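Shown next, in structure tokens, is the structure this report addresses.
The values are calculated or read from the model by the stated rules, or taken from the named source; none is laboratory data. Note that the structure is predicted; figures quoted are calculated from it, not measured. Backbone-built Cβ (ideal geometry, glycine too); neighbour counts: all protein chains shown.
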Amino acid sequence: MDPLILGSLAAVALVMLLLSGMPVAFALGFTAIAFLFIEDGIGAFEVAAETLFGALDEFALLSIPMFLLMGSAIAASRAGSDLYEALDRWLYRVPGGLLISNIGACGVFAALTGSSPATCAAIGKMGIPEMRQRGYPASLATGAIAAGGTLGILIPPSITMIVYGIATETSIGRLFMAGLIPGIMLMLLFMAWSWFYAYSKGYNFVEADKHFTLREKLVILPKILPFLALIVMVLWALYGGVATPSEASGVGAMVCILLVVIIYRVWQPAKLWEIVRSATRESVMLMMIIGMAGLFSYMMSSLYITQGIAEWIAALDVNKWVLLFYINVFLLVAGFFLPPVAVILMTAPTIVPIIIQSGFDPIWFGVILTLNMEIGLITPPVGLNLYVINGIVKDVDLKTVLWGALPFMLCLVLGIVLITLFPQIATWLPDYLMGPVR
């Protein structure tokens, strides 16, 4: 059978299973085994287990549960609320300052946890009720937190970047550095829109009787500065070549738990067990997806589907920028229906070689891909951040949250355009600190 037809049938089968409500990992694994069985018969089962184990037999994967443990420990403490309170005390006089401080809190908390849903939940529980009480429209308050939460998969340390690095065999340290400036740029774009909206609508959102002294502004900083220092130390260890991602994440997780115990007195066995259990649950879910995606990729390659798709794209003979546009559209659509990790594991092994052949930098493309995934997090039907926010603020319907997030989606699109036109936004920092790739 023609590889493109076979690939189309595999894609249709996978989409049907996903639409049925089957978990992503099981849908990937079932589709892979079914098509291998159709092609090779009972012999397909002999390689399935070995291929699944081989996909997980990667030392760098150890960093995922460790970074998740860091995020789980921080989410279990008051670090998020203290961070939010600190920014509010410093920005309360700025028009739209509470909205800006919430986005800033999302950006910093995203760097602490590496998780978009955790960021939305932690900051949204505190920030959304406060913003609505101050007079912010429900759509703007919920949309800003939903969009701010997407920064969790771009600002390092990012689980998505780790998965992309493993799937494409690119440097995770370079990917982390490449995501730092774009992440800050997006956070500033979100803040700029928030300020412009407040200013254009004539909203001030400043309580005349509210005032914080310098002492009140400084007193809260000792609680959050150790966590920020921890992130700086982890990134320094990675960028400076002092430690591998697995080693840095392991030390970071241990120090983070110690900080939570010392600063926030989270020492009860039940609470510590909940931190470990939450991180383990998320880790197992991601590892299942990674393992099954490896099996799915093996099926695509062994049936010559991947090679056939690559040859078909190469035969299009279109301008490389047109090709990049088509790939962006494809990634956007895929992100509408699948979580970021699944999209990366399913598409990166096929797309990245084509990207490299077209003369693009795979590190730069990792940032572009991640931005597309950010849009998917606040876009139906899957839009995980939208449902997290909807679950926090039950009296605001999903449509309102979506409309509030729409301007921030356009900011993400603008970010893709800027990084496409000026690749140095993503490539300058890794090249400066680690030298250009040879």
For the range 15-27, does any single residue satisfy the condition of being among the polar types (S, T, N, Q) and either in contact (Cβ under 8 Å) with a residue 40 or more places away in the chain or in a helix (DSSP H, G or I) (or both)?
no
Residue that is surrounded by the most Cβ atoms within 10 Å (Cβ to Cβ) [pool: residues in the range 388-438 that are in contact (Cβ under 8 Å) with a residue 12 or more places away in the chain and aromatic (Phe, Trp, Tyr)]:
Phe408
Of everything in the range 108-118, what is buried (at least 24 other Cβ atoms within 10 Å of the Cβ) and either more than 18 Å from Lys223 (Cβ to Cβ) or more than 21 Å from the chain's Cα centre (by Cα) (or both)? Give them in sequence order.
Ala110, Gly114, Ser115, Ser116, Ala118
Cβ-Cβ under 7 Å pairs, at least 6 apart or on other chains, the range 322-345 side in contact (Cβ under 8 Å) with a residue 40 or more places away in the chain, far side of a type in the set (Gly, Ala, Ser) and outside any helix (DSSP H, G or I)
none
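Within the range 31-44, is there a residue that is touching a Cys at 6+ places or on another chain (Cβ under 6 Å), buried (at least 20 other Cβ atoms within 10 Å of the Cβ) and modelled with pLDDT of 80 or more?
So far as the range 31-44 goes, no, none of its residues is touching a Cys at 6+ places or on another chain (Cβ under 6 Å), buried (at least 20 other Cβ atoms within 10 Å of the Cβ) and modelled with pLDDT of 80 or more.
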Select, from Cys120, Cys106, the only residue that is part of a helix (DSSP H, G or I) and either among the basic types (Lys, Arg) or touching a Ser or Thr at 6+ places or on another chain (Cβ under 8 Å) (or both).
Cys106
Being modelled with pLDDT under 85, of a type in the set (Val, Ile, Thr), assigned to a helix (DSSP H, G or I) and over 20 Å from Gly21 (Cα atoms) narrows Thr280, Thr347 down to just Thr347
What's the number of the only condition in (1) crowded, with 16+ Cβ neighbours inside 10 Å; (2) farther than 20 Å from Met177 by Cα; (3) in contact (Cβ under 8 Å) with a residue 40 or more places away in the chain that Gly252 fails to meet?
(2)
Per the filter on the range 116-147, residues touching a residue at least 60 places away in the same chain (Cβ under 8 Å) and among the polar types (S, T, N, Q) are Ser116, Ser139, Thr142
Considering Ser81, Ser63, which residue is at pLDDT 75 or above and among the polar types (S, T, N, Q)?
Ser63
When the residues of the range 136-176 are filtered to those that are under 18 Å from Ile289 (Cα atoms), polar (S, T, N, Q) and within 14 Å of the chain's Cα centre (by Cα), which remaining residue is modelled with the highest pLDDT?
Thr160
So, in the range 213-270, exactly how many residues are farther than 18 Å from Met161 by Cβ, outside any helix (DSSP H, G or I) and touching a helix residue (DSSP H, G or I) at 6+ places or on another chain (Cβ under 6 Å)?
3
